[in-house]
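The values are calculated or read from the model by the stated rules, or taken from the named source; none is laboratory data. These numbers were taken from a predicted model, which means no experiment stands behind them. Counting neighbours? That spans all protein chains shown, and the Cβs are built from the backbone with ideal geometry, glycine included. When the accessible area is computed, the model is the full protein with side chains, heavy atoms only, and any ligands, DNA or RNA have been set aside. Shrake-Rupley method; radii C 1.70, N 1.55, O 1.52, S 1.80 Å.
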Amino acid sequence: MFCNRCGTQLQPDFNVCPKCANPVARNASVPAAPGKLERQLRILGTLWIIVGALWIIPSGFLMFLGHAPHMIGNRMFTHAFMPPMFFSLGYVFLAVAAGGILVGWGLMHHERWARITAIVLGVLALFHPPFFTALGIYTLWVLMPAASAAEYERLAGM
């Protein structure tokens, strides 16, 4: 048994908590340990945040190329269509980065929209071997089973 106020472990014969002097209720409970899905969601969310952060690097590089083609010195980069193309592609990569970071954050905070969004991104990640394929498989393995859906709904408070 544990104290409801401070969490101190109590002996069954205690009437008062020795640490905070809170009267011991006979229904004092053990704090719930995180379930399998909750532990996996923390790992999965962290991985999606890392992947999102890694997409920021090529995004910044492409945006730099879009802004400063004359600094490169190569004739290929000075064509009229190249700077806008690089800049646009940089924005696409930035959107992918933001999506990965938001999905990771949403999974870690059990947001209602995060499970379905992560499944969609996990399916899309399957087509980018090898690391994104592994992340996509792991995402689908964690979030697709019916038991995971039910537990995620419970965690999200749906």
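State whether one or more residues within the range 120-135 are part of a helix (DSSP H, G or I), modelled with pLDDT under 90 and among the aromatic types (Phe, Trp, Tyr).
Step one: filter the range 120-135 for residues part of a helix (DSSP H, G or I), giving 120-125, 131-135.
From what's left, modelled with pLDDT under 90: none.
No, every residue in the range 120-135 fails to be part of a helix (DSSP H, G or I), modelled with pLDDT under 90 and among the aromatic types (Phe, Trp, Tyr).
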So which residues in the range 83-119 are open to solvent by less than 40 Å² (accessible area, probe 1.4 Å) and under 17 Å from Gly60 (Cβ atoms), if there are any at all?
Pro83, Phe86, Gly90, Ala97, Gly99, Gly100
Kindly indicate whether Arg154 is modelled with pLDDT under 95 and outside any loop (DSSP other than H, G, I, E, B).
yes
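Looking at the range 11-31 only, could you name the residues that are part of a loop (DSSP other than H, G, I, E, B), modelled with pLDDT of 80 or more and not basic (Lys, Arg)?
Gln11, Asp13, Phe14, Asn15, Cys17, Pro18, Cys20, Ala21, Asn22
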Identify, by number, the condition in (1) crowded, with 18+ Cβ neighbours inside 10 Å; (2) hydrophobic (A, V, I, L, M, F, W, C); (3) modelled with pLDDT of 95 or more that Ile50 doesn't meet.
(1)
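If you check Leu140 against the conditions, is it open to solvent by 80 Å² or more (accessible area, probe 1.4 Å) and either among the acidic types (Asp, Glu) or part of a helix (DSSP H, G or I) (or both)? Please lay out each step first, then the result.
Numbers: open to solvent by 80 Å² or more (accessible area, probe 1.4 Å): no; either among the acidic types (Asp, Glu) or part of a helix (DSSP H, G or I) (or both): yes.
Here the answer is no, as Leu140 does not meet what is asked.
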